[in-house]
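Encoded as structure tokens, the structure appears first; notes follow it.
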Amino acid sequence: DAGVIQSPRHEVTEMGQEVTLRCKPISGHDYLFWYRQTMMRGLELLIYFNNNVPIDDSGMPEDRFSAKMPNASFSTLKIQPSEPRDSAVYFCASSLSDLIMNTEAFFGQGTRLTVV
Amino acid sequence: DAKTTQPPSMDCAEGRAANLPCNHSTISGNEYVYWYRQIHSQGPQYIIHGLKNNETNEMASLIITEDRKSSTLILPHATLRDTAVYYCIVRVANDMRFGAGTRLTVKP
């Protein structure tokens with residue numbers, strides 16, 4: 001398996017524009033996570049899905065952020081409108097659940113977003 | 001709320017063992033202790049996890065105290081490539097939240 005695949009790797013956009021980040025989890029994994037990393041706030045959990053259903057979105061910073069998982073092999077994180085303070089590295093991760101919850105999560109290489 | 005406390009930074013000499021501590025005094029009975037590391041700006045990488053017993057794999061060893069309120073990650077022979085930020089996480093189900101971690105610098 002190629003691992004968790006994120007696209008694009010780098011994105012530069014102007015303030016006010018819509019930005020869509022994409023993630024393809026590892027095949028067969030039923031959990032998908034979106035994280036944001038900045039120097040100031042570290043690695044923050046934004047939202048996670050189980051079997052394509054959002055379980056906890058309490059980390060989503062505001063209504064400008066939305067995430068979807070239309071099927072088991074694809075997820076998007078959208079920011080509309082984008083602001084300079086959204087500049088960060090966004091990571092997607094996936095994992096496989098089991099009955100005793102001792103599974104590891106695999107991370108993608110991240111998308112570095114710069115909003116100017 | 002990451003529920004763990006780690007020193008912000010540590011140094012280690014190349015070839016020596018690196019011992020990274022973590023306090024998780026509020027851990028509950030069904031929470032596992034996980035360790036991840038992040039090298040430069042790459043995505044975090046899983047290292048090891050445990051519940052009560054000590055664990056060892058090809059990368060590291062995990063020592064968990066009997067009361068489970070603290071743990072130590074041991075890299076037995078640190079190399080320069082082990083320079084990274086190491087995160088200790090206590091986790092129930094699949095809610096996985098990271099703290100600030102420990103920045104380990106391995107020096108020649």
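The values are calculated or read from the model by the stated rules, or taken from the named source; none is laboratory data. Keep in mind it's a predicted model, so treat the numbers as computed, not measured. FYI the Cβ positions are ideal-geometry reconstructions off the backbone, even for glycines, and counts take in every protein chain you see. Only protein heavy atoms, including side chains, enter the accessible area calculation; ligands, DNA and RNA are left aside. Shrake-Rupley method; radii C 1.70, N 1.55, O 1.52, S 1.80 Å.
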Determine if the range B:87-101 includes at least one residue that is within 10 Å of the chain's Cα centre (by Cα) and in a loop (DSSP other than H, G, I, E, B).
yes
Every listed condition ((1) more than 13 Å from chain B (Cβ to nearest Cβ); (2) surrounded by 12 or more Cβ atoms within 10 Å (Cβ to Cβ)) holds for A:Leu43 save (1)
Please determine, by comparing only the residues of the range A:74-103 that are open to solvent by 60 Å² or more (accessible area, probe 1.4 Å) and in a loop (DSSP other than H, G, I, E, B), which one is modelled with the lowest pLDDT.
A:Leu99
Name the residues in the range A:28-78 that are polar (S, T, N, Q), over 18 Å from A:Leu96 (Cβ atoms) and more than 12 Å from the chain's Cα centre (by Cα), would you?
A:Thr38, A:Ser58
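Return a yes/no flag: does the range A:19-41 have any residue that is among the small types (Gly, Ala, Ser) and closer than 16 Å to B:Arg97 by Cα. If you could, list the steps in order and put the result at the bottom.
From the range A:19-41, those among the small types (Gly, Ala, Ser) are A:27-28; that's our starting set.
Right, trim to closer than 16 Å to B:Arg97 by Cα and you get none.
No; the residues of the range A:19-41 include none that is among the small types (Gly, Ala, Ser) and closer than 16 Å to B:Arg97 by Cα.
Can A:Pro54 be described as within 14 Å of chain B (Cβ to nearest Cβ) and either open to solvent by 40 Å² or more (accessible area, probe 1.4 Å) or assigned to a strand (DSSP E or B) (or both)? I'd like the intermediate steps shown before the answer.
Details: within 14 Å of chain B (Cβ to nearest Cβ): yes; either open to solvent by 40 Å² or more (accessible area, probe 1.4 Å) or assigned to a strand (DSSP E or B) (or both): yes.
Yes: the conditions hold for A:Pro54.
If the requirement is being at the interface with chain A (Cβ under 9 Å from one of its Cβ atoms), without any contact (Cβ under 8 Å) to a residue 24 or more places away in the chain and more than 12 Å from B:Ala18 (Cβ to Cβ), which of these qualifies: B:Asp95, B:Asp67? Steps first, answer last, please.
Working: B:Asp67 fails: at the interface with chain A (Cβ under 9 Å from one of its Cβ atoms).
None of the others qualify; the one that does is B:Asp95.
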Cβ contacts < 9 Å: first residue closer than 12 Å to B:Lys69 by Cα and within 11 Å of chain A (Cβ to nearest Cβ), restricted to the range B:25-46; second residue open to solvent by less than 50 Å² (accessible area, probe 1.4 Å) and basic (Lys, Arg), any location; separation 6+ or different chain. Result?
B:Glu31/B:Arg68; B:Glu31/B:Arg91; B:Tyr32/B:Arg91; B:Val33/B:Arg68; B:Val33/B:Arg91
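A quick yes/no check of all residues on (1) open to solvent by less than 30 Å² (accessible area, probe 1.4 Å); (2) assigned to a strand (DSSP E or B); (3) under 12 Å from A:Thr76 (Cβ atoms):
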residue	(1), (2), (3)
A:Ala2	no, no, no
A:Glu11	no, yes, no
A:Gly28	no, no, no
A:Arg36	yes, yes, no
